[in-house]
Amino acid sequence: MTPRTPRRMGLLPNYGSFNRGGGRHIDPYLHDDALRAKDEEIDVLRGKLKRCEHIIKTKDKRIHELEERLEKIKPKRPSP
């Protein structure tokens, strides 16, 4: 006779144990919550990445502007 398990429970093998009939029951809803939390974390990190890329582009543009101003101000030396 096999043990009765609720339909929503999955059976995962317990890799740390050498039991032949052993296994852990997992709740798929718990897994969904973990995935949802990870998706939210990924969205937050994407937002941070986007802000960082915007800051880098702004700073890069400013650096190019300053380099151009420096080239204009720098005295031109004749080549020997």
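The values are calculated or read from the model by the stated rules, or taken from the named source; none is laboratory data. Remember, it's a predicted structure, so these values are computed and weren't measured experimentally. Virtual Cβ from ideal backbone geometry, glycine too; neighbours counted across all protein chains shown.
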Within the range 39-77, which residues are among the polar types (S, T, N, Q) and surrounded by fewer than 10 Cβ atoms within 10 Å (Cβ to Cβ)?
none
Could you go through the range 27-38 and let me know if any residue there is surrounded by 10 or more Cβ atoms within 10 Å (Cβ to Cβ), at pLDDT below 95, outside any helix (DSSP H, G or I) and not hydrophobic (A, V, I, L, M, F, W, C).
yes
